[in-house]
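The structure appears right after this line, and notes come after that.
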Amino acid sequence: LVDMYDAWQAGDIKKAQALHFQMLPLHRAMFCSSNPIPVKQALFEMKVMHAYVRSPLVRMPAGLINKVKTIISEYGLV
């Protein structure tokens, strides 16, 4: 994100846009369920925190958990 912002500020719109599209699948995965559930799941997979969520939030279905795992794996985050 810092690189994208720096490119934008420097007027390098093509680079900023390329970085945006490079990160778009990750951004979309972080909103595949109610915020902050996917983010917490990703941080759990990265061994940063527990996957526990408090009511009224609920754990994501297994299919979405697998989606988050796949995406963060593709980005080398786990």
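Key figures for this structure:
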{"read-out": "Accessible-area composition of the chain, carbon plus sulfur, in percent [1.4 Å probe]", "value": "60"}
{"read-out": "Counting all C-alpha pairs of the chain, share separated by more than 21 Å (%)", "value": "36"}
{"read-out": "Kirkwood Rh in Å, taken over region 35-78 so that all alpha-carbon pairs contribute", "value": "10.5"}
{"read-out": "From the C-alpha gyration tensor of region 1-42, square roots of 5λ in Å", "value": "26, 9, 6"}
{"read-out": "Pairs beyond 21 Å (Cα-Cα), from 40/69; 14/69; 15/40; 15/67", "value": "14/69; 15/40; 15/67"}
{"read-out": "Per-residue HN-Hα couplings for region 58-65 [Karplus 6.51, -1.76, 1.60; θ = phi - 60°; Hz; x = Gly/Pro]", "value": "10, 5, 5, x, 4, x, 6, 4"}
{"read-out": "Solvent-accessible area per residue for the chain (1.4 angstrom probe, square angstrom)", "value": "72"}
{"read-out": "Loop-located trypsin sites (Lys or Arg not before Pro) in region 37-78 whose Cβ has at most 13 other Cβ within 10 Å (DSSP)", "value": "47, 54"}
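The values are calculated or read from the model by the stated rules, or taken from the named source; none is laboratory data. Just so you know, these numbers come straight off a predicted model, no measurement behind them. Ideal geometry is used to build each Cβ from the backbone, glycine not excepted, and the neighbour counts take in all protein chains shown. For accessibility, only protein heavy atoms count, side chains too; no ligands or nucleic acids. Shrake-Rupley method; radii C 1.70, N 1.55, O 1.52, S 1.80 Å.
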